[in-house]
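Beneath this line is the structure, given in structure tokens, with notes to follow.
The values are calculated or read from the model by the stated rules, or taken from the named source; none is laboratory data. Keep in mind it's a predicted model, so treat the numbers as computed, not measured. Virtual Cβ from ideal backbone geometry, glycine too; neighbours counted across all protein chains shown.
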Amino acid sequence: MNKVAKLIIRFRGVILVLFLALSVVSGYFATQVKTNFDLFSYVPKKAASTIAIETMADAYDQDIPNAEVGVPELTIFQALEVKERLAGLPYVKEVLWLDDQLDLATPLDLLDQKVVEGFY
């Protein structure tokens, strides 16, 4: 252990320069990394899941949902405000919530409970 410590102390300048050089190189390459947010591009075109997604995209007008956001239980008015804020975020194309499925002028207790439970 003492030998390692003595080597580190003896070559501290070389170690420091090497560390700084590698840090600069790593920092440069970190800026060159491109992020691909399209997860479907990683799946083979002949995979069953890719074929199913393409079939769904052809059959329905809306995009396939790919995120679900949970928030504490809110009133309908508060939930609509959250929906509006989420819809205003960059890269968000559409936000689906209960008001897209049912008429919220009707009390929740009188609506289809299976649909309501999907959102609450």
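On the given criteria, is A52 under 25 Å from K93 (Cα atoms), out of contact with any Cys (no Cβ under 6 Å at 6 or more places or on another chain) and modelled with pLDDT of 85 or more? Break it down stepwise before answering.
On the way: under 25 Å from K93 (Cα atoms): yes; out of contact with any Cys (no Cβ under 6 Å at 6 or more places or on another chain): yes; modelled with pLDDT of 85 or more: yes.
The answer is yes for A52.
Can we say N66 is at pLDDT below 85 and either exposed (fewer than 10 other Cβ atoms within 10 Å of the Cβ) or among the β-branched types (V, I, T) (or both)?
On the way: at pLDDT below 85: yes; either exposed (fewer than 10 other Cβ atoms within 10 Å of the Cβ) or among the β-branched types (V, I, T) (or both): yes.
When the stated conditions are applied, N66 passes them.
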If S23 passes every condition in (1) under 30 Å from Y120 (Cβ atoms); (2) outside the structural domain of L111 (by TED's automatic domain parsing); (3) surrounded by 10 or more Cβ atoms within 10 Å (Cβ to Cβ) but one, which one does it miss? (1)
Just give me the residues in the range 1-31 being at pLDDT below 90 and not in a helix (DSSP H, G or I), in sequence order. M1
Exclusive hit being modelled with pLDDT of 85 or more, assigned to a helix (DSSP H, G or I), of a type in the set (K, R) and within 24 Å of the chain's Cα centre (by Cα), set K34, K83: K83
Could you go through the range 56-78 and let me know if any residue there is assigned to a helix (DSSP H, G or I) and hydroxyl-bearing (S, T, Y). no
Among the numbered conditions (1) over 18 Å from the mean Cα position of the chain (by Cα); (2) within 30 Å of E117 (Cβ to Cβ); (3) part of a loop (DSSP other than H, G, I, E, B), tell me where K93 comes up short. (1)
